[in-house]
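Written out below as structure tokens is the structure these notes cover.
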Amino acid sequence: MGILFKTADTVISSINEFLDAIDQGTLVFKQGVNNYLNKENKEFSATIETILKLESHADNIGKQIENDLYIHSLLPQFRGDVMVLLEKLDDIIDTAKENILQFDVEGPNIPIELNSDFSKLTDAAVLSVESLIPAVRAYFNDVSAVKDKLHRVYYYEKESDKLADNIKRRLFKELDGLKLSEKIHLRYFALHIEHLSDAAQEVADLLSIMAIKRSL
Amino acid sequence: MIFFFLSSGLFLGWSLGANDAANVFGSAVGTKMVSFKKAAIIAGIFVIIGAVVQGAGGAHTLGSLGKIDALAGSFTVALSAAITVFYMTKFKLPVSTTQAIVGGIIGWNFYTGNPTNINSLTKILTTWVAGPILGAIFAVILYQLFKFILKRRKPHLLKLDAFLRFALLVVGAFGSYSLGANNIANVMGIFVSAAPTTDLDFVLFTLSGIQQLFLIGGIAIAIGIFTYSKRIMKRVGNSIVQLSSEAALVVVLSHSIVLFIFSSQALSDFVASIGLPAIPLVPVSSSQVIVGSIIGIGLLKGGRGIKFGVLGQISIGWVTTPILAGLLAFFALFFINNVFKLKVTQDSELINPFTKSHSEIDSNNSYKIEQDTSVLTNAFNIDSQFISETENVTESTINDSLQLGLNLQIIDSTEISSLESTNKISETNSSFWKKATFILLALIILLIIWYLFSGSRFDENKNREIVKKREEFQKAEQELIESELKNVNLKKQHLQNELKFKNRELVNFALHVIQKDSVFQRLKDKIDKIKNETDSDNRKQLIKDISTFVNQNLNTDKDKETFNIHVEEESREFYTRLNQLHSGITPNERRLCALVRLNFSSKEIASILNISPKSVEMNRYRLRKKLNVPSSQNLNDYISKI
């Protein structure tokens with residue numbers, strides 16, 4: 001009896017830690033993009049290091065949780081779903097890390113006119129992830145509240161879609177001074193940031209089905 | 001001998017364990033919240049405890065339904081019930097041991113001519129209806145309560161999981177205890193007359209004779225759980241409606257409560273003490289209660305997930321079980337009684353229902369009841385409540401029977417003769433109806449057996465055919481794949497060979513082009529030399545040289561070489577066979593054979609080998625001799641057959 005509850009407590013704290021890592025990872029991502037836009041190279045390099053650490057930490061905890069779920073045969077009915085959920089959440093921080101590394105490696109030439117657009121896009125994408133985390137926590141604690149929390153994820157995902165579209169439109173229709181190669185390059189960066197909110201939406205879709213399954 | 005007779009009861013216990021333990025732990029094991037091993041250990045232990053501590057109540061009710069007073073009778077009834085349960089289990093129908101044993105006892109009553117206690121039967125049948133309904137009601141209430149608590153407390157999914165695991169084990173233990181307490185009567189209730197008379201002292205506690213009997217029955221149930229219940233557990237867990245772990249817990253809890261209610265003497269006493277009617281202590285069908293509970297939850301969720309087909313199948317089992325067990329017991333008793341000449345009742349006079357009249361049977365019954373009740377009273381002397389109840393019944397029955405005996409003595413001889421004539425008429429009537437009933441029962445049993453076996457055999461045949469067809473299809477598919485694979489491999493090999501050959505051809509062609517280039521270059525040099533030569537004699541000589549040079553190159557034309565390579569390539573296998581047949585053949589002769597095999601004429605061969613057609617003919621003649629080909633046979637035919 002004691003062992004059962006002790007194991008449950010350990011896994012609960014691991015899940016919370018994992019979710020915290022994802023949340024922090026996206027916040028660091030936001031900070032990193034802003035640093036890049038403001039040409040704050042030192043701070044940008046620091047955020048890369050932080051996000052790499054957070055990503056690796058999330059990976060380790062994720063694996064630990066999966067092991068615990070299997071070894072102790074926890075949640076036999078929902079184990080599969082929870083594993084997929086954890087993997088998809090891990091994809092979010094992976095996407096954030098990749099984006100930041102792409103900024104670092106490719107060093108896109110973002111004109112000053114697009115700074116605020118990119119900043120807004122990053123904010124919306126990060127907000128979609130930030131709204132997702134409470135929904136994930138609610139799945140474990142209060143399944144009836146999941147649906148109420150998920151609508152914010154969908155809202156911010158749509159917002160980031162719009163903002164990304166706006167950037168692409170501006171790139172190809174307004175900013176004539178840029179080379180085509182630069183435009184295409186920047187378009188990809190808008191897409192990369194947008195992927196973060198897409199990943200959040202994917203998790204939200206999965207979560208809404210999981211919530212229905214739990215309430216049956 | 002006693003142990004031999006007990007064996008059928010133990011077999012029934014084994015069947016009960018195999019079948020009814022699934023009702024307690026099926027949902028938990030089906031939802032994978034509890035492993036089968038853990039479930040089996042807990043169920044086994046608590047079933048035994050329940051049977052020993054609290055098993056007497058239900059046994060009393062069964063005893064009052066039909067007091068089987070001979071060991072052979074008990075053996076046959078238990079065996080009939082066990083066979084019924086075993087086969088119903090085999091046909092994957094959740095079956096109730098209670099129904100089987102009740103059917104068996106009624107079959108014994110029919111055979112021995114003992115009256116069936118209608119009050120007890122009604123009590124039992126009522127609980128058969130009340131059990132599932134109560135199960136459903138408890139399930140709905142408990143489920144709502146559970147949901148309410150969950151909504152208030154909002155536990156973490158993992159904590160809930162841990163709690164459910166623990167709760168399923170605790171509730172499962174309680175359910176097993178209740179199952180043992182309630183259903184041990186089905187297994188050992190009819191053997192109480194054979195219980196040991198001496199108590200067993202274990203220092204901390206003492207086991208009475210009946211408790212020792214129930215302990216043996218409990219162990220048989222536990223063995224049934226360990227050896228055969230796994231498959232049924234998985235079926236019960238998921239067959240009627242998909243259950244969540246919470247629902248599984250509620251289902252087991254409501255089932256356990258219902259079983260406990262119908263087996264707890266203390267609870268019954270408590271209810272009676274507050275002025276309510278006492279709860280009847282009756283063996284309840286565990287399967288029916290669990291199905292009722294599951295339906296309760298299913299209906300609460302809107303009834304969408306309930307598989308009514310499976311439910312219908314289960315209902316058929318409910319109807320057929322008691323009938324089948326009763327008929328089986330009836331015929332088995334006839335067999336045991338007449339073939340093995342074993343006493344299936346103490347009062348053998350009652351048997352042979354086709355010749356005895358009602359009046360005789362009734363008068364004998366009164367005597368028998370007196371005897372049997374005393375046996376039962378002795379058997380249940382552990383329970384003061386039962387003693388007081390049975391003593392009252394016994395006293396009244398004895399009085400009635402004595403009264404009847406006295407009355408019979410008073411009747412004078414004239415009355416006896418008139419009674420005899422009336423009896424004769426009623427005897428013929430009764431004999432006719434009994435024969436008709438017998439034929440009807442025989443028909444029903446045949447129909448049921450035909451239905452069960454033909455259905456299963458039909459299904460089996462159908463399944464076998466499907467499996468056979470599937471196997472044939474798979475085999476054909478595999479063969480097709482294999483032949484395709486073979487073809488592909490052959491094609492691949494062929495293509496590889498072709499590629500190899502083409503590559504060689506290409507290389508040769510390239511070499512040939514290079515050679516031609518050098519020839520042309522040299523020719524150009526020679527022509528340039530002639531151009532620059534002023535002396536006519538020298539010029540003539542140079543032109544002659546050019547002519548010789550061209551001829552030489554024509555003779556060593558690489559085209560022919562390429563062709564030769566091709567022929568060599570084509571005839572590789574042919575050369576091997578030819579060498580095996582004629583080991584002393586030279587390379588030139590071998591080449592000639594290859595060209596003959598390719599159906600080239602002598603003229604063509606001459607051109608290819610750059611010799612005259614006459615030489616070719618000569619070579620062919622020599623070859624014929626070397627190969628020992630008779631003049632009557634064509635050389636071309638001989639070579640092409642190699």
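Table for the structure above
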quantity	calculated
Rounded to whole Hz, the Karplus (6.51, -1.76, 1.60) HN-Hα couplings of segment B:596-611, x for glycine and proline	5, 4, 7, 6, 7, 6, 4, 5, 5, 4, 4, 5, 5, 8, 6, 10
Shape category assigned to chain A from the gyration tensor of Cα positions, a/c cut at 1.5	prolate
Solvent-accessible area buried by B and A, counting both chains, probe 1.4 angstrom, square angstrom	1900
Peptides B:116-126, B:206-216, B:69-79 ordered by average Cβ neighbours within 10 Å, highest first	B:69-79, B:206-216, B:116-126
Inverse of mean 1/r across different Cα pairs in segment B:571-642, Kirkwood, Å	12.3
Protein-protein interface of segment B:138-179, residues with accessible area decrease of at least 50 Å², isolated chain reference, 1.4 Å probe	B:Lys154, B:His156, B:Leu157, B:Leu158, B:Lys159, B:Ala162, B:Arg165, B:Phe166
Net +/- balance of residues flanking B:Asp525 in space, Cβ distance below 13 Å, scoring K and R +1, D and E -1	+1
Rounded to the nearest 10 Å², the accessible area of A:Ser144 at probe 1.4 Å	80
Radius 11 Å from Cβ of A:Val136, net charge of other residues (Lys, Arg +1; Asp, Glu -1)	+2
Accessible-area ranking of B:Trp14, B:Trp108, largest first, probe 1.4 Å	B:Trp14, B:Trp108
Accessible area per residue in Å² at 1.4 Å probe, computed on segment A:119-200	47
Residues of segment A:63-89 buried by at least 10 Å² on assembly (accessible area, 1.4 Å probe, chain alone as reference)	A:Ser73, A:Leu74, A:Leu75, A:Pro76, A:Gln77, A:Phe78
Listed peptides A:15-27, A:146-158, A:42-54 by packing density, highest first (mean Cβ within 10 Å)	A:15-27, A:146-158, A:42-54
Paramagnetic reach from B:Leu299 in segment B:254-279 [backbone N under 19 Å; point 7 Å along Cα→Cβ]	B:254-259
Inter-label distance, nm, simple model (7 Å from Cα along the C-beta direction), B:Ile611/B:Ile149	10.9
Residues of segment A:129-150 buried by at least 10 Å² on assembly (accessible area, 1.4 Å probe, chain alone as reference)	A:Phe140, A:Asn141, A:Asp142
Average other protein chain Cβ within 10 Å of Cβ, residues A:14-20	1
Sum of side-chain charges, A:Asn67 neighbourhood, beta-carbon under 15 Å (Lys, Arg +1; Asp, Glu -1)	-4
If the convex hull is drawn through the Cα atoms of segment A:130-216, its volume per residue in Å³	72
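The values are calculated or read from the model by the stated rules, or taken from the named source; none is laboratory data. It should be emphasised that the depicted structure is a prediction, and the values quoted were computed from it without experimental measurement. Please note: Cβ atoms are built from the backbone with ideal geometry, for glycine as well, and neighbour counts cover all protein chains shown. SASA here: full protein model, heavy atoms, side chains in, ligands and nucleic acids out. Shrake-Rupley method; radii C 1.70, N 1.55, O 1.52, S 1.80 Å.
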